[in-house]
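First the structure, in the form of structure tokens, and then the observations on it.
Read-outs throughout are calculated quantities, based only on the coordinates presented, and are distinct from any laboratory measurement. Since we're looking at a predicted model, the values are computed, not measured. Here Cβ is always computed from backbone atoms with ideal geometry, including for glycine, and neighbour counts include all displayed protein chains.
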Amino acid sequence: MKVVIIEDEKNAQEVLANILKLVDKSIVITGFAETVPEAIELINLKKPDVVFLDIHLKNGTGFDVLEKLNNFQGKVVFTTAYENYAIKAFKFSAFDYILKPINPQELKTTMAELINEVTKNQKFEEMLHVFNEHKEKPKNPKIVLKALNNQHVVYIKDIIRCESEGSYTKFLLKDKSFLISKNLKHFTEILSEYQFVRTHQSHLVNTKYVLRINSNNFLELIDGSEIPISSRKKTEVNRIIKKLNL
């Protein structure tokens, strides 16, 4: 795996490079850059598999770099020292990120996910658009969903429900569905503020599509599906459904 590191501090470059070598000896670091122009030139020249990209550079931001790349097909992992800096926006836009100071175990997990991710079709323009929307809470929010071989941008209001399929999540909309390479827990954390309720270890439901709790104690949705409610979740689900005045 070929990697380039875009960091505006030499010691930060060295720390990340050393941790990467410890995490995976097969990683080849093909270059470093500190400024936006240097980064663009390096990435276009080396065409790495992964770019570790600092958000704050000497004369701009990591986003300035992405906007000017020539058809880059690799992965980008943002690095940031600010835990509260637009973390929500990263999650909605599907950008990978790690926090500084870098935790070797977290980095190892991130690299494993990148290696196992089949898709090379990352549309950074779409991801940047969704990221910028979520820096302020949007009126009609969208989310980027990276499937095995494609990337989809959907309105959250159009998601009827999500269903766990092992380490993947199936998203069901009115007229289509997508299998996404993140687990249901990941999306539960993101969507919980948008009236989604986890009814069961395998199911996350958009409450705007709920018709009723039927006599079998299943959630009945407007698309005709019936979603189980686990005994552990029963009280919470009943409380939320009562608020809907169905």
Over the alpha-carbon set of segment 2-130, work out the extent along each principal axis and list the three values in angstrom, largest first.
-> 34, 30, 28
Over the alpha carbons of segment 161-243, what is the largest minus smallest coordinate on each principal axis, giving the biggest first in Å?
-> 33, 26, 22
Ranked L114, L66, criterion: other C-beta atoms within 10 Å, fewest first | L114, L66
Percent relative contact order for the chain, counting Cα pairs under 8 Å at least six residues apart, stands at 11 percent
The chain: most fluctuating residue of F218, F95, F78 per GNM, C-alpha cutoff 10 Å = F218
Top of E193, E67, E113 by mean-square fluctuation, Gaussian network on the chain, Cα under 10 Å | E193
Within segment 110-146, what residues put their amide N at less than 17 Å from the label point 7 Å along the Cα-to-Cβ vector of H186?
-> 110-124, 127-128, 131, 143-146
Would you work out the relative contact order for segment 1-72, in percent, from Cα pairs under 8 angstrom that are 6 or more residues apart?
-> 39 percent
Sorted by chain and then number, the residues having a modelled amide H within less than 5 Å of the amide H of R161, at least 5 places away or on another chain, are L172, N206
Cα-centre dipole for the chain with unit charges at Cβ (Lys and Arg positive, Asp and Glu negative), debye to 20 = 1040 debye
When only C-alpha pairs under 8 Å and at least 6 residues apart count, what is the relative contact order of segment 185-224, in percent?
-> 24 percent
Globularity index of the chain, i.e. its alpha-carbon radius of gyration over 2.2 N^0.38 Å = 1.14
Tell me, T207, T109, T169 in order of fewest to most beta-carbon neighbours within 10 Å?
-> T109, T207, T169
Proximal lysines to K185, defined as alpha-carbon separation beneath 17 angstrom and excluding residues fewer than eight positions away on the same chain | K88, K91, K146, K170, K233
Spatially close lysines, pair count over segment 1-82: Cα under 17 Å, gap of eight or more or interchain | 12
Would you mind telling me which residue in K137, K170, K108 has the biggest mean-square fluctuation in a Gaussian network model of the chain, where springs connect alpha carbons within a distance under 10 angstrom?
-> K137
So for R161, R232, fewest C-beta neighbours within 10 Å to most, what's the order?
-> R232, R161
